[in-house]
């Protein structure tokens, strides 16, 4: 699952449950919602359709291609505190002086468990794992290969959210902090030429990410 900063984002969350409150997480009186880049720790019935992103390319010819992406995510609860998610999208890669590649991203399936809620201190924490399945998306279009299309990875994560309603400062109480810390474990680890620094296989790197 490729992670990158995005220049612009538009997202629309569509709760799948009739009860609006069930689409978001509550700890005490504080409601936590998903951000555009990070998920919240709640287990919910909801869909994000669609999320648009754009990653620009350097102006020089032959550089990293620009990427346009339209993605979706569907979340479904199995029990009140345990659920699964499905995530994919469609990408367009463009580069000056080259053809455009486009196709579906790999399918990512996730599980999430919410074991702890502290209403008094407006705090939630949950654990999850995501699995990206290689070759479930496009492996090449117009002579170009979409990034990591042939790579699988497993990503365990911890999610947390803290509301500041218990802070004795009125100005701070409406605010909250949400976060995610993940580690990507690749089935095929990236190999790099020690002299040139170029990739010599289509693997991906293990590593931490979050926000």
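Which members of segment 137-188 meet the condition of being under 17 Å from residue 106 (Cβ atoms), modelled with pLDDT of 75 or more and in a strand (DSSP E or B)?
Of everything in segment 137-188, those that are under 17 Å from residue 106 (Cβ atoms), modelled with pLDDT of 75 or more and in a strand (DSSP E or B) turn out to be 153, 154, 155, 182, 184, 185, 186.
What number of residues in segment 106-136 are part of a loop (DSSP other than H, G, I, E, B) and either touching a helix residue (DSSP H, G or I) at 6+ places or on another chain (Cβ under 8 Å) or modelled with pLDDT of 85 or more (or both)? Break it down into steps so the answer makes sense when it comes.
Our first condition is that a residue be part of a loop (DSSP other than H, G, I, E, B); within segment 106-136, this holds for 106, 119-122, 134-136.
Filter again for either touching a helix residue (DSSP H, G or I) at 6+ places or on another chain (Cβ under 8 Å) or modelled with pLDDT of 85 or more (or both), leaving 106, 119-122.
Total meeting the criteria: 5.
Among the residues of segment 164-184, write down those that are touching a strand residue (DSSP E or B) at 6+ places or on another chain (Cβ under 7 Å) and loosely packed, with under 14 Cβ neighbours inside 10 Å.
Those that are touching a strand residue (DSSP E or B) at 6+ places or on another chain (Cβ under 7 Å) and loosely packed, with under 14 Cβ neighbours inside 10 Å: 177, 181.
Only one residue in 53, 34 is at pLDDT 75 or above and buried (at least 16 other Cβ atoms within 10 Å of the Cβ). Which one?
Within the list 53, 34, the selection yields 53.
Just one of 46, 73 is in contact with a helix residue (DSSP H, G or I) (Cβ under 7 Å, 6 or more places away or on another chain), buried (at least 21 other Cβ atoms within 10 Å of the Cβ), modelled with pLDDT of 80 or more and closer than 25 Å to residue 126 by Cβ; which is it?
Exactly one of 46, 73 is in contact with a helix residue (DSSP H, G or I) (Cβ under 7 Å, 6 or more places away or on another chain), buried (at least 21 other Cβ atoms within 10 Å of the Cβ), modelled with pLDDT of 80 or more and closer than 25 Å to residue 126 by Cβ, namely 46.
Kindly establish whether residue 101 is farther than 16 Å from residue 80 by Cα, at pLDDT below 85, in contact with a strand residue (DSSP E or B) (Cβ under 8 Å, 6 or more places away or on another chain) and buried (at least 17 other Cβ atoms within 10 Å of the Cβ).
Judged against the criteria, residue 101 is a match.
The values are calculated or read from the model by the stated rules, or taken from the named source; none is laboratory data. Worth saying up front: this structure is predicted, and the values here are computed from it rather than measured. Positions of Cβ are backbone-derived with ideal geometry, glycine not excepted, and every protein chain shown enters the neighbour counts.
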